[in-house]
Every structure is written in structure tokens, then in C-alpha cells.
Amino acid sequence: MGIRWHEGGRMFWAVQSDERRICLLGLEGSLNGDDLANLAGRLRGLAAQGVLRVVVDLREVAHWDYRGLRCLAEAVHWRRERGGITVFVTSSRYLRDIAVVAGVHDELEFFDDLRMEEGSTHRPGYPIAAEAESGVRVSAQGP
């Protein structure tokens, strides 16, 4: 399920499920400003396609360039104004600290973990959750 693509030596992957109500974007490696601008564009594009709930999985990201985070935060804000929810999954204090230095930490919603469960039901309080056609549930888990 999903697609994978390489750009600039970095691996990206995406999973759209449950009739396009939720999209999981996974990133790996070290992300420069161009990578983050690309991600911002993809987030806007998903909103334009009607995908309102997006989980960005950063668990395999080692570094992101603080200079590209303002563009990303603007895309998240743009999505939010149109009813979209975008969350970032990472337990990395390092990535969160970079977001603080860039002045965007409060604009990005971070979660520590991502769980995919077979056939579970929605738990109140979790902002992103959807049953996939396969019965796999994707949800961002809070700190």
C-alpha cells in the first residue's frame, strides 16, 4: 500500500487510505530547504485534492534545515485555515529544538509515536485517526 520515491538521494513515501480522508507521509534522512519546500507544496496539493488529514512521519529524519521550516509552517497554517489537520510524528528532541530555533515550534503539532493497529476503534482526543480499507487504523499518539 502506498508509493515511494527518491529525490536528491532521500527516500520519501506516502500512504493514502480510507477514501482519501487521511494521508501518511514518511520522510527519511537529512532534509534541506528544498526538501522542506517540496513537502510544503505537497501539503498544499493534498489539501487542494480534498485530503484534510495528514500525518508527517519524521521518525527516520536525522536533521531538517531550520531555514526551510518557515515555508513548511506557512503551508501547515494554510491547510489549517481550510479545515485541514497536519501533525508531525517524531520523538526527536533535536528536530523539535530546531523548530524552536526557527520560531515555528508552536505552529507545528508534534506527536511522539505513530501506531498502526488492526481493526481498532477511534479513541477520543486523538486528532487524526481513520480506518483504512484494509482495516488498519492510523493514528498519531500524543506525548
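The values are calculated or read from the model by the stated rules, or taken from the named source; none is laboratory data. Note that this is a predicted model, so its numbers are computed, not measured. Every residue, glycine among them, receives a Cβ derived from its backbone with ideal geometry; neighbour counts consider all protein chains shown. Ligands, DNA and RNA are stripped out before the accessible areas are found, and what is left, the full protein with its side chains, is counted by its heavy atoms. Shrake-Rupley method; radii C 1.70, N 1.55, O 1.52, S 1.80 Å.
Could you grab me the full set of residues in the range 71-95 that are in a helix (DSSP H, G or I) and surrounded by fewer than 16 Cβ atoms within 10 Å (Cβ to Cβ)?
Hits for the range 71-95 are Glu74, His77, Trp78, Arg80, Glu81, Arg93, Tyr94.
Are any residues in the range 29-41 closer than 22 Å to Leu114 by Cα and surrounded by fewer than 16 Cβ atoms within 10 Å (Cβ to Cβ), and if so, which ones?
Within the range 29-41, just Ser30 meets the criteria.
So, in the range 52-70, of the ones that are of a type in the set (Lys, Arg) and not in a helix (DSSP H, G or I), which residue ends up most open to solvent (accessible area, probe 1.4 Å)? Outline the logic, then answer.
In the first step, residues of the range 52-70 are kept if they are of a type in the set (Lys, Arg); the result is 53, 59, 67, 70.
Filter again for not in a helix (DSSP H, G or I), leaving 53, 59.
Numbers: Arg53: 91, Arg59: 113 Å².
Once the filter is applied, the top-ranked residue is Arg59.
Cβ-Cβ distance below 8 Å, separation of 6 or more or different chains: which pairs start in the range 46-68 with a residue that is under 16 Å from Asp97 (Cβ atoms) and end on one that is among the aromatic types (Phe, Trp, Tyr)?
Pairs found: Leu58/Trp64; Leu58/Phe88; His63/Tyr94.
Evaluate the following for Pro127: is it open to solvent by less than 60 Å² (accessible area, probe 1.4 Å), at pLDDT below 95 and closer than 21 Å to Leu27 by Cβ?
Numbers: open to solvent by less than 60 Å² (accessible area, probe 1.4 Å): yes; at pLDDT below 95: yes; closer than 21 Å to Leu27 by Cβ: yes.
Yes: the conditions hold for Pro127.
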